[in-house]
Amino acid sequence: MSTPPSRRPAAKATAKKATAKKTTAKKTSAKKAPAPRTTKKAAPEPVTPEPVEEYHEPPGTEPVPTLGTDAAFAPAAPPVPRRRTLRNMSEVRHFFRTNDVPVYFIGATPFNLLGLDRWVRNFTYVTYYDAWDGAHPRVFTPTNKPYVEFESGEDINNWLLCNAEVRAFIAARQAQTGTGERPKIAMVFFDEETERICDELGYDLILPSAELRTRLDSKLVTTRLGNEVGVPSVPNVMASVDSWDQLVAAAEDAGLGTDLVVQTAYGDSGKTTFFIASEADWTAHADDIVGEEVKVMKRIDNRPVAVEAVLTSCGTVVGPFMSELTGHRKLTPYRGGWCGNEMYPEVLTGELRARAADLVRRLGDRLGQEGYRGFFEVDVLVDVDTDEVYLGELNPRISGASAITNVTAGAYADVPLFLFHLLEYLDVEIDLDVDEINERWQELAAVDLWSQMIIKETSPVVELIGTAAPTGQYTLDASGALVFRRAALDWHQLQNESEAFFLRIYGPGDYRWKGADLGVLVTKGRLQTGRPGEPAGLTIRARHLIDSIRAQYSGTPMMPPAGSAGPGETDLTSVGSVGKG
């Protein structure tokens, strides 16, 4: 594939990037970039694509295997005959290592599935932003990007699908493979418009339907489905309340008390979860609550645990359990906002792990009755006082926690979890012992430690970025300073806690403001203090890593356009580039 030239800030779009944990099914408006521009705000490109010129690799730029690139990245080979029913993990691995069907991950960045190209031949990332500036052999980024003010992750992906360069690139890849297979498209954010575009272009969107996913995305629907199969939520009542008195009455009738947590049906990264214990709290959040049915919960002392799973024709494969980093002020300005994950042996005791896994499997079976199949993420809440295990919420999509799931010991013993999703959407039958896989993954999870942090801008600045921390592998030198060691494609080669991988999100020529995503840092070991059930704070090492990355950013202060509040008050996690899901 071609190597795009260096980005030119003046010609860049200002697609807002983010680390969405919870994406709202309702699109929220995003505020404009803070600097005046001579170009008028443009709507997303028309859905009817413009003519496509045939794509050719420039002479001398044909892709070649490079250091750090696995055998999955290899020149085209004749189609390999293979059994259409896969009965064990060796056959699954062989199937993907010889895959001749082009699979594309579309998104603002490749974060969610970064490193999957090590396992799946003919797997390519098509992204709006290129954190490697052309150096990643499996990332394609269009070079012609006129100014567009995107309002959601869906808008970014739809723009990419309609882009002439992207369509030419995919067409050229199809001609190279010569299989006649329709391109397979995966992404975090999509809607009915995405489905229409893919249908028109002859692409297969290998995800559950947008209509089904939107319905399951509702916290209210998830709660009711869980209740049907004995998957309990935190004690709650669902009701429409228009005043403090109505809220108190509904809560007392349900025996919830008056120290409450109120959630709307759709929300993102903690932005629509409200802690209400007084009339003053109600007044502060009433505008977001009045006029719709909400979930009113008893407030408990809990610790959230995230887990990804895949509903297959053989059952639900449950991934490793991870604790969450939420609300740390050095990482996010948003109270309760998701800002990372940790996987470590003590995240759950053996008994709690078994109960939580059973909860996820039962929920997966119920989702299958709704017609769902494939990847999903579940937030499990463990009551610190009683050890009760509750369903927190469902995220029916690819998740940001995949960054850790795909490098676990379980993934390397079998395959990354997302490959089970691909098996559901490629032309292959499977006959796998899911119970055996789940048992093995839970055993291996007891010896693995990984963490990731999403680093947001937390200060009230509005700046045009001049310098930024580059993407690659970092290490602690002899004096303890975090230094850039070398360029790297992903975090799979990290060995110990002295190493880290940083994926740049906002870089030179982008804007940063309160809430903007600077990047993602992945490392071995833990980043939070305390044992399960105790208040979690950032470790000394975590704070040092954060400060070291921030120190590499500098910029020119900018004044927001007249009449604009600037982007500083907007949580852009719903416009996501590294969607948590």
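The numbers here are math on the coordinates, done by the rules we state, and not lab data. Since the model is a prediction, treat every value here as computed from it, not as a measurement. Counting neighbours? That spans all protein chains shown, and the Cβs are built from the backbone with ideal geometry, glycine included.
At 0.36 nm per residue, and after removing the present C-alpha to C-alpha distance, how many nm does the segment from ALA164 to ASP242 gain when stretched out fully? Walk me through the intermediate numbers first.
On the way: separation 78, 0.36 × 78 = 28.08 nm, distance 4.91 nm.
Here the answer is 23.2 nm.
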- Rounded to whole Hz, the Karplus (6.51, -1.76, 1.60) HN-Hα couplings of segment 476-484, x for glycine and proline: 8, 7, 4, 8, x, 7, 7, 10, 5
- Message: Principal axis extents for segment 355-462, Cα atoms only, whole Å, descending order, please.
- Response: 53, 37, 34
- Message: Considering just Cα atoms, how many Å³ per residue does the convex hull of segment 394-551 enclose?
- Response: 174 Å³
- Query: Once label points are set 7 Å from the Cα along Cα→Cβ at both ASP383 and ALA135, what is their separation, rounded to one decimal in nm?
  - Reply: 5.2 nm
- Query: What spacing in nm lies between the two simple spin-label points modelled at ASP477 and LEU212, each 7 Å away from Cα in the Cβ direction?
  - Reply: 5.4 nm
- Note on the structure: Residues meeting the amide H criterion for GLY525 (H placed from the backbone, H to H distance under 5 Å, 5 or more places apart or on another chain) are LEU449, TRP450, SER451
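Roughly speaking, what is the stretch gain from THR283 to THR98, that is 0.36 nm per residue apart minus the C-alpha to C-alpha distance, in nm to one decimal?
Values: separation 185, 0.36 × 185 = 66.60 nm, distance 5.93 nm.
The span from THR283 to THR98 would gain 60.7 nm if fully extended.
I need ASP433, ASP245 ordered by Cβ neighbour count within 10 Å, fewest first. Don't jump to the answer; show the numbers that get you there.
Numbers: ASP433 14, ASP245 11.
Sorted ascending by nearby Cβ count, the order is ASP245, ASP433.
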- Message: If you average the C-alpha positions of segment 273-345 and of segment 383-411 separately, how far apart do those two centres end up, in angstrom?
- Response: 11 Å
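Between ARG485 and GLU292, what length comes free when the chain is fully extended (0.36 nm per residue of separation minus the Cα-Cα distance, one decimal in nm)? Mind showing how you got there, number by number?
Values: separation 193, 0.36 × 193 = 69.48 nm, distance 5.18 nm.
This chain segment gains 64.3 nm when fully extended.
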- Message: If I model segment 235-298 as equal point scatterers sitting on the Cα atoms and use the Debye formula, what is log10 I(q)/I(0) at q = 0.17, 0.24 Å⁻¹?
- Response: -0.47, -0.99
- Hey, any idea what the orientation-averaged projected area of the convex hull of segment 287-348's Cα atoms comes to, in nm²? 7.4 nm²
- Message: Test of understanding: ordering THR98, THR467, THR408 by Cβ neighbours within 10 Å, fewest first, what list do you get?
- Response: THR467, THR98, THR408
